[in-house]
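Chemist: First the structure, then my questions, so here it is.
The values are calculated or read from the model by the stated rules, or taken from the named source; none is laboratory data. Quick caveat, the model's predicted, so the values are computed rather than measured. Heads up, the Cβs are rebuilt from the backbone with ideal geometry, glycines too, and the neighbour counts pull from every protein chain shown. With ligands, DNA and RNA removed, areas are computed over all heavy atoms of the protein, side chains included. Shrake-Rupley method; radii C 1.70, N 1.55, O 1.52, S 1.80 Å.
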Amino acid sequence: TLALACAGLMGVETRPVAAQSVESSGLEFPSDGSHLRLQAPGNEAYQALDGSRMKQLVAEQTAIARRYRDAGHQYWGRIIGTEADHETASWMAERLRQAGAEVRLERLDLPPQWVPRSWEVSASGSGEVVTLASAWPTYASPGTPTGGIEVELIDVGLGMETDFRGRDVRGKAVIIHAIPRPGIISLISSPAVRGAIRRTDEHSAAAILLVIELPGNIQTSLYNVNSSVPTLALGSNDGATLQRMLSDADPNQPPRLRLRLDVEEVSGLTTTVVFGEVPAATDDAEKIVIVAHRDAFFEGASDNASGVATAIELVTYFSQVPRSQRRRTVEIIGTPGHHNRARTGMVWLAENRESVLRRAVLLMNAEHSAHALVDHWGAALQATNSLGPFSWRVNGSAELLEIANRAFDAFGIPRWAQTGGPWGEISRLSTVTPSVVLMHAGVLLHTNAETDEAIPAAGLAATTRAYAKIIDEVNQLDLSALVPRAANERQD
């Protein structure tokens with residue numbers, strides 16, 4: 001049941017919440033000093049961009065998320081419209097001022113926001129009751145009736161068409177196993193997962209449990225999976241527990257699921273767009289725009305504390321250039337609500353494209369700018385001392401493409417052999433103006449294992465130095481050299 005509420009999230013009394021799952025199958029990240037790093041000769045000037053300083057910025061943002069959690073919020077992170085969102089906006093504004101930017105804020109009123117207030121999930125059978133600590137509602141999931149539901153459990157494996165043959169799932173809690181791949185979008189948009197959820201809905205299930213088959217008992221926050229019944233993600237350890245209970249149970253007395261998910265649509269919330277500007281020598285100068293969304297699920301160290309840290313460090317670097325020598329303004333835009341249903345940040349950028357792109361010669365997305373490579377070996381995850389590979393995209397001339405690749409190579413950034421992947425927060429503007437995106441999206445994306453320990457200082461330095469080098473080289477060129485030749489011919 002979705003209860004409508006006009007009260008905001010700030011100051012709302014919270015109830016005690018169930019313990020959070022923090023198991024990640026022994027995953028430990030190497031120290032910053034052991035991470036591989038590379039810098040080609042001739043780029044010594046960019047050593048001023050400090051990876052350790054950026055990692056401290058990441059840690060400050062993850063601390064905001066943990067404070068919100070520790071205040072009693074079961075659904076936590078730097079969630080749009082919450083105290084954590086407002087604290088993050090104030091924090092970013094202050095850090096941009098300290099870095100040397102001129103700062104302004106723009107307040108936005110939000111449409112009703114989906115908010116899971118609290119939930120409890122347990123399974124019982126053969127005299128055993130187990131709390132499923134890793135349970136996490138998928139975004140925009142329907143809630144349960146007041147007081148929750150208690151229904152029979154059934155496992156349909158991967159949820160393929162053949163898995164449903166001869167199975168009666170009506171009125172039951174259906175377990176589906178999802179095989180994760182890098183990138184949260186690939187998991188929830190895969191034909192297998194989409195089809196499994198659709199089939200479960202069509203067979204009139206009462207609830208859906210998506211077991212994310214990563215080692216450990218990691219919590220995962222999925223985007224909207226478009227189910228019509230309460231749907232939650234589970235860690236693989238909890239999934240294995242349910243498998244055991246089902247296997248051991250008397251066929252005439254199958255295990256049962258107890259689920260309570262209290263959800264509200266909360267009106268009256270606000271958020272903030274944060275602007276930081278390093279002005280050029282002249283007021284009418286062109287500009288380079290760097291977008292970094294501020295919100296996150298859980299600690300969100302890579303997504304997107306790393307991108308915000310990159311943006312702030314770029315301000316520190318370019319503010320040291322004497323104003324008389326600045327050909328172009330560098331503008332940072334800290335957008336809110338990348339992860340919410342309304343995609344507030346993307347929509348705001350699209351609706352304000354005229355002002356955002358006015359005199360812009362380059363648009364860059366600072367998003368997921370660093371993460372250690374995590375490998376999957378046997379029954380465990382293994383962290384490495386190298387950067388995770390990046391997807392990347394360039395919209396512009398062959399010269400801009402060459403500039404970007406040269407910068408990525410100069411600082412040893414591992415990336416896909418071919419361009420591709422998401423544009424992220426700037427996706428609705430990316431093809432309107434010359435654009436560059438570099439983004440890591442590994443298996444820990446949107447999980448509670450994406451902590452600041454997973455973010456190497458060397459990685460933050462490499463990505464941010466590459467961005468600074470791209471900006472410096474772009475500043476040697478006119479706009480006509482950055483757009484594709486065909487676009488120039490159309491203008492002529």
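Chemist: For segment 184-285, which fully contained strands (runs of 3 or more DSSP E) count at least 3 residues that are more than 26 Å from the chain's Cα centre (by Cα) and more than 30 Å from Val347 (Cβ to Cβ)?
Modeler: On the way: elements: 207-212, 231-235, 256-266, 270-278.
Per the criteria, 256-266.
Chemist: Are there any pairs, at least 6 apart or on different chains, whose C-beta atoms fall under 8 Å, with the first in segment 425-449 and at positive phi and the second among the aliphatic types (A, V, I, L, M) and open to solvent by 10 Å² or more (accessible area, probe 1.4 Å), and if so, which?
Modeler: His446/Ile184
Chemist: Which one is surrounded by the fewest Cβ atoms within 10 Å (Cβ to Cβ), of the residues in segment 122-162 that are farther than 15 Å from Ala173 by Cβ and of a type in the set (Asp, Glu)?
Modeler: Going through the qualifying residues, I end up with Glu161.
Chemist: Among the numbered criteria (1) part of a helix (DSSP H, G or I); (2) open to solvent by less than 20 Å² (accessible area, probe 1.4 Å); (3) in contact with a strand residue (DSSP E or B) (Cβ under 9 Å, 6 or more places away or on another chain); (4) not charged (D, E, K, R), which one does Leu444 miss?
Modeler: (1)
Chemist: What tally of residues in segment 49-65 results from selecting those that are in a helix (DSSP H, G or I), open to solvent by less than 20 Å² (accessible area, probe 1.4 Å) and under 14 Å from Ser306 (Cβ atoms)?
Modeler: Selection size over segment 49-65: 7.
Chemist: Right, next: I'd like to know if segment 403-415 contains one or more residues that are under 17 Å from Ala468 (Cα atoms), out of contact with any strand residue (DSSP E or B) (no Cβ under 7 Å at 6 or more places or on another chain) and among the β-branched types (Val, Ile, Thr).
Modeler: The first filter runs over segment 403-415 and keeps only residues under 17 Å from Ala468 (Cα atoms), leaving 403-413.
So of that shortlist, the ones also out of contact with any strand residue (DSSP E or B) (no Cβ under 7 Å at 6 or more places or on another chain) come out as 403, 405-407, 409-412.
So of that shortlist, the ones also among the β-branched types (Val, Ile, Thr) come out as 403.
Among the residues of segment 403-415, at least one is under 17 Å from Ala468 (Cα atoms), out of contact with any strand residue (DSSP E or B) (no Cβ under 7 Å at 6 or more places or on another chain) and among the β-branched types (Val, Ile, Thr), which makes the answer yes.
Chemist: Step by step: first the residues of segment 370-412, then only those that are among the polar types (S, T, N, Q) and touching a helix residue (DSSP H, G or I) at 6+ places or on another chain (Cβ under 8 Å), then the one that is farthest from Val443 (Cα to Cα). Which residue is that?
Modeler: Step one: list which residues in segment 370-412 are among the polar types (S, T, N, Q), which gives 382, 384-386, 391, 395, 397, 405.
Then drop every residue that is not touching a helix residue (DSSP H, G or I) at 6+ places or on another chain (Cβ under 8 Å), which leaves 385, 397.
Values: Asn385: 16, Ser397: 33 Å.
So the residue we want is Ser397.
Chemist: Being out of contact with any strand residue (DSSP E or B) (no Cβ under 7 Å at 6 or more places or on another chain), within 29 Å of Met245 (Cβ to Cβ) and modelled with pLDDT of 95 or more narrows it down to one of Trp119, Trp136, Trp91, Trp76, so name that one.
Modeler: That would be Trp76, the only listed residue that is out of contact with any strand residue (DSSP E or B) (no Cβ under 7 Å at 6 or more places or on another chain), within 29 Å of Met245 (Cβ to Cβ) and modelled with pLDDT of 95 or more.
Chemist: Identify the residue in segment 395-426 that is at pLDDT 95 or above and among the polar types (S, T, N, Q) and, among all such residues, is least open to solvent (accessible area, probe 1.4 Å).
Modeler: Ser397
Chemist: Give me a count of the residues in segment 35-48 that are in a helix (DSSP H, G or I) and either open to solvent by less than 50 Å² (accessible area, probe 1.4 Å) or aliphatic (A, V, I, L, M) (or both).
Modeler: The qualifying residues number 3.
Chemist: Moving on to the next point. Could you tell me whether Ala457 is more than 19 Å from His338 (Cβ to Cβ), modelled with pLDDT of 95 or more, buried (at least 21 other Cβ atoms within 10 Å of the Cβ) and within 23 Å of the chain's Cα centre (by Cα)?
Modeler: yes
Chemist: Can you tell me which residue is least open to solvent (accessible area, probe 1.4 Å) among those in segment 427-441 that are touching a Ser or Thr at 6+ places or on another chain (Cβ under 9 Å), of a type in the set (A, V, I, L, M, F, W, C) and outside any strand (DSSP E or B)?
Modeler: Step one: of segment 427-441, the residues touching a Ser or Thr at 6+ places or on another chain (Cβ under 9 Å) are 429, 434, 437-441.
Applying the additional criterion that residues be of a type in the set (A, V, I, L, M, F, W, C) yields 429, 437-439, 441.
Filter once more, keeping what is outside any strand (DSSP E or B): 429, 441.
Values: Leu429: 3, Ala441: 32 Å².
Only one residue tops the list, namely Leu429.
Chemist: For the list (1) of a type in the set (Val, Ile, Thr); (2) in contact (Cβ under 8 Å) with a residue 60 or more places away in the chain; (3) open to solvent by 20 Å² or more (accessible area, probe 1.4 Å), I need the number of the one condition that Thr282 fails.
Modeler: Every listed condition holds for Thr282 apart from (2).
Chemist: Could you list, in sequence order, all residues of segment 88-128 that are under 22 Å from Val58 (Cα atoms) and under 18 Å from the mean Cα position of the chain (by Cα)?
Modeler: Those that are under 22 Å from Val58 (Cα atoms) and under 18 Å from the mean Cα position of the chain (by Cα): Thr88, Ala89, Met92.
Chemist: Any residue at all in segment 334-351 that is farther than 28 Å from Glu83 by Cα and surrounded by fewer than 23 Cβ atoms within 10 Å (Cβ to Cβ)?
Modeler: The first filter runs over segment 334-351 and keeps only residues farther than 28 Å from Glu83 by Cα, leaving none.
Taking every residue of segment 334-351 in turn, none turns out to be farther than 28 Å from Glu83 by Cα and surrounded by fewer than 23 Cβ atoms within 10 Å (Cβ to Cβ).
Chemist: Ok, one more. Could you tell me whether Glu299 is surrounded by fewer than 24 Cβ atoms within 10 Å (Cβ to Cβ), of a type in the set (Asp, Glu), outside any strand (DSSP E or B) and modelled with pLDDT of 95 or more?
Modeler: The answer is no for Glu299.
Chemist: So the check is Cβ under 6 Å with 6+ separation or different chains; which pairs have a first residue in segment 465-488 that's among the charged types (D, E, K, R) and a second one that's modelled with pLDDT of 95 or more?
Modeler: Short answer, once both residue conditions are applied: Arg465/Tyr46; Arg465/Leu49; Arg465/Phe411; Lys469/Ala407; Glu473/Ile403.
Chemist: Please count how many residues of segment 270-295 are within 16 Å of Ala99 (Cβ to Cβ) and among the charged types (D, E, K, R).
Modeler: Going residue by residue through segment 270-295, those that are within 16 Å of Ala99 (Cβ to Cβ) are 274-279, 288, 290, 292, 294.
Filter again for among the charged types (D, E, K, R), leaving 277, 294.
Number of matching residues: 2.
Chemist: Something else about it: Would you check which residues across segment 53-80 are polar (S, T, N, Q) and within 17 Å of Ser118 (Cα to Cα) and list them?
Modeler: Gln74
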